[in-house]
Amino acid sequence: MASLSLKGIGKRYPNGFEAVKDFNLEIEDQEFIIFVGPSGCGKSTTLRMIAGLEEITTGDLFIDGKRMNEVEPKDRDIAMVFQNYALYPHMTVFDNMAFGLKLRKVPKEEIEQKVLEAAKILDLEQLLDRRPKALSGGQRQRVAMGRAIVRNPKVFLMDEPLSNLDAKLRVQMRAEIASLHQRLGATIIYVTHDQTEAMTLGTRIVVLKDGVIQQVDTPKKLYNEP
Ligand code: ADP
Ligand code: ADP
């Protein structure tokens, strides 16, 4: 269960550049929100502020009514999946997936159980001893997803998670993400340039330009579907 409330959020980088301006959005529990807009419009910056990886300069972020601005990333109950997967090259698939749980001092048996469970869902059971360089792009992408879902977070942030995959895998992983969304009952914010992804996955689409929200609408309304 997680609703998010972004109230007048803004980001000014140390060099003075205002990447996000007065961002207002109420996100309901279990929504699948899509951010679209040209490169540099502030999509990643907004995700990073929600995750706590980037300081919020103005405004307030609430999750389930609790103000999060100063809460450490590891205490936010949010998992992020990056475009480049950001796997640790020297660690096995198992250790990559276990890392976030170890960091939070989860007991060893529980870690094992959660990683195996996620590996099953994502069809990674045979690959747990491999290192990332011995995996295909699609398998790496699954490990990145696995690392996020083992924590059973209330909120998933995904920054173009499929953009490095070929067309066929993209379609397959898109379906997997849709089914994960159902299955986990999580709230998801998802950045993409792909209109098909936006239309098939999103409950609402947020269009950004130059750090400002231009439009927020359902896929149907935004893309003039009948
Ligand atoms: P998007 O994800 O939509 O491509 P970003 O959020 O990555 O956009 O970037 C938004 C704007 O902020 C871009 O113009 C980018 O160059 C700028 N930007 C990003 N990070 C920094 C930074 N650390 N310092 C200054 N400007 C930055
Ligand atoms: P993306 O793939 O989201 O567009 P970028 O390649 O723009 O990401 O940014 C990669 C990293 O560089 C990020 O950590 C971002 O904050 C930083 N960055 C981006 N633009 C700038 C900038 N103009 N000044 C300083 N750092 C930047």
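Derivation of every value follows stated rules applied to the coordinates shown; laboratory data play no part. These numbers come from a predicted model, not from an experiment. Counting neighbours? That spans all protein chains shown, and the Cβs are built from the backbone with ideal geometry, glycine included.
A few points about this structure:
- Using C-alpha pairs under 8 Å with a sequence gap of at least 6, the mean separation divided by the residue count of the chain gives a relative contact order of 29 percent.
- Amide H contacts under 5 Å for Phe23: Gly8, Ile9, Gly10, restricted to partners 5 or more places along the chain or on a different chain, H placed in the peptide plane at 1.01 Å from N.
- Degrees between helix 137-149 axis and first principal axis of the chain (Cα, 0 to 90, nearest 10): 80
- For the set Lys105/Lys154; Lys66/Lys154; Lys21/Lys74; Lys102/Lys154, the pairs lying more than 23 angstrom apart at their alpha carbons are Lys21/Lys74.
- Sequence-distant aspartates and glutamates (8 or more away, or on other chains) whose Cα lies within less than 18 Å of Lys220: Glu31, Asp194, Glu197
- Scaled against the 2.2 N^0.38 Å expected of a compact globular protein of N residues, the Cα radius of gyration of the range 72-202 reads 0.99.
- In order along the range 153-161, the Karplus-derived 3J(HN,Hα) couplings, from 6.51 cos²θ - 1.76 cosθ + 1.60 at θ = phi - 60°, round to x, 6, 10, 10, 10, 10, 9, 6, x Hz, and Gly and Pro are given as x.
- Most fluctuating residue given options Leu47, Leu180, Leu162, as computed from a GNM of the chain linking Cα atoms under 10 Å: Leu180
- Rg over Rh [alpha-carbon atoms, Kirkwood Rh] for the range 26-132: 1.01
- Dipole of the chain, positive end: most advanced residue of Val155, Leu201, Gln83 [Cβ charges, Cα centre]: Gln83
- For the range 42-87 versus the range 98-149, the inter-centroid distance based on Cα atoms is 22 Å.
- Normalised by 2.2 N^0.38 Å, where N counts its residues, the alpha-carbon radius of gyration of the range 11-67 equals 1.16.
- Sparsely packed GluC sites (Glu not before Pro) within the range 14-65, loop by DSSP, other Cβ within 10 Å at most 14: Glu28, Glu55
- When only Cα pairs below 8 angstrom with a gap of at least 6 residues are kept, the range 75-188 shows a relative contact order of 40 percent.
- Residues Lys133, Lys7, Lys43 arranged by fewest to most Cβ contacts within 10 Å: Lys133, Lys7, Lys43
- Val216-Asp194 FRET efficiency (beta carbon distance; Förster radius 25 Å; 0.05 resolution): 0.85
- Using the Karplus relation 6.51 cos²θ - 1.76 cosθ + 1.60 with θ = phi - 60°, the per-residue 3J(HN,Hα) values for the range 35-40 come to 9, 10, x, x, 3, x Hz, with x marking Gly and Pro.
- Taking one quarter of the surface of the convex hull spanned by the alpha-carbon atoms of the range 56-119 gives a direction-averaged projected area of 6.2 nm².
- Cα-based convex hull volume of the chain per residue, rounded to whole Å³: 128
- Partner lysines for Lys221 [C-alpha distance under 23 Å; skip if fewer than 8 residues away on the same chain]: Lys43, Lys209
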